[in-house]
Amino acid sequence: MPSSPSPVPRALPADDHVHSEWSWDAFAGSMLATCARAVELGLPSIAFTEHADFSEWVVPPGVELPEPWLALVHDGILVPPPLDVAGYLATLDECRTRFPSLRIVSGVELSEPHWHDDATRDLLHRGGFERILASVHSGSDATGGTTELSVQFEHAPPGDVIRGYLAETARLIEGFDGFEVLAHVDYPVRYWPSGAAPYDPAEFEDEHRHVLRLLAGSGRVLEVNTRVPLHPQVVTWWREEGGRAVSFASDAHEPAALATGFAAAADMVAAAGFRPDSDPHAFWTRG
């Protein structure tokens, strides 16, 4: 008997959060190689949302850092370098010329922009970015200094770190109007301590719903980041709180990580009631 035809796989969504060599922490990043990978995967479009980090982090004694970061630490403070806008845009133009079939979107990921309003708005004016993400990567430690969130798990109960992060995310949404997409609402989960009880978003439902309600009320977009797959419950809460759209994000820092987990993420988002637009480059919206 003839074999049954194989099912046609669903087209992958656009990857709207990708880093290249122009992000200071993307050690293996390559915009050209990432574009080639996007064409290979059949992605409709890709947004290079490079890091713009204005917060300086206290590095507590004994904390191990990646080797390339060590040169950025002075007197116990890590100072991220500024985004080279001119170099970034020149490489973007080169990629658009070499990959004419791929839609390549300019973008930026702003860390704590509500703390750095003047510097952030100056960067946005100079960059003319098409896709603007906002995120929280930092928080205050017990001494009042600013540290990267992964460090905070070493000095505070996990639940306190999550609640502090979500409270700061709410302040970001209310305090800065110059972004379109909220990146990785579950960012601290990446660093959840292995010895703690498993992470359960239901323990923080009120805090999540507050953030999602503010985001929905502002008309912005929730990112479904697959670096650590976003829990389906959060996407369900997003719809219940009035959220209208989601974006998909691998948060790739190297070409091989592009669109990782997108098929499963698309199935999860569809189950929560969001659908792709007729325009394959557009965000998915509630059905």
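General remarks:
- Its relative contact order, with pairs defined as Cα atoms under 8 Å and 6+ residues apart, puts region 149-287 at 20 percent.
- Solvent exposure of the chain, expressed per residue, is 45 Å² of accessible area, with all protein chains present and a 1.4 angstrom probe.
- Fully extended contour minus Cα-Cα distance, from residue 233 to residue 156, at 0.36 nm per residue: 25.2 nm
- Selected from 181, 269, 39 as most flexible by GNM, with the chain as the system and alpha-carbon contacts under 10 Å: 39
- Added length on full extension, which subtracts the Cα-Cα distance from 0.36 nm per residue, residue 205 to residue 63: 48.0 nm
- Förster radius 22 Å - calculated FRET efficiency between residue 281 and residue 86, Cβ distance, rounded to 0.05: 0.25
- In region 136-287, taking the dipole from charged Cβ atoms about the Cα centre, the farthest positive-side position among 199, 150, 259 is held by 259.
- Normalised radius of gyration (Cα atoms, divided by 2.2 N^0.38 Å) for region 80-208: 1.25.
- Full extension of the segment from residue 190 to residue 32, taken as 0.36 nm per residue of separation minus the current Cα-Cα distance, would add 54.1 nm.
- Dividing the helix sum by the residues of the chain, where each DSSP H run of 4 or more adds -39500 (n - 2.57), gives a mean residue ellipticity at 222 nm of -9500 deg cm²/dmol.
- For the chain, the relative contact order is 21 percent, taking Cα pairs closer than 8 Å that sit 6 or more residues apart in sequence and dividing their mean separation by the residue count.
- Accessible surface of residue 206 - all protein chains present, 1.4 Å probe, nearest 10 Å²: 120
- Long-range Cα-Cα pairs in region 66-115 (distance over 13 Å), rounded percent: 71
- Every Cα-Cα pair of region 15-144 was included, and the share exceeding 19 Å stands at 53 percent.
- Here the Kirkwood formula, the inverse mean of 1/r across different C-alpha pairs, assigns region 153-287 a hydrodynamic radius of 15.5 Å.
- At 0.692 mPa s and 37 °C, Stokes D of the chain from Kirkwood alpha-carbon radius, µm² per second: 167
The values are calculated or read from the model by the stated rules, or taken from the named source; none is laboratory data. Computed from a predicted structure; not experimentally measured. We place every Cβ from the backbone using ideal geometry, glycine too, and count neighbours over all the protein chains shown. Quick note on the areas: whole protein, heavy atoms, side chains included, nothing else; ligands and nucleic acids left out. Shrake-Rupley method; radii C 1.70, N 1.55, O 1.52, S 1.80 Å.
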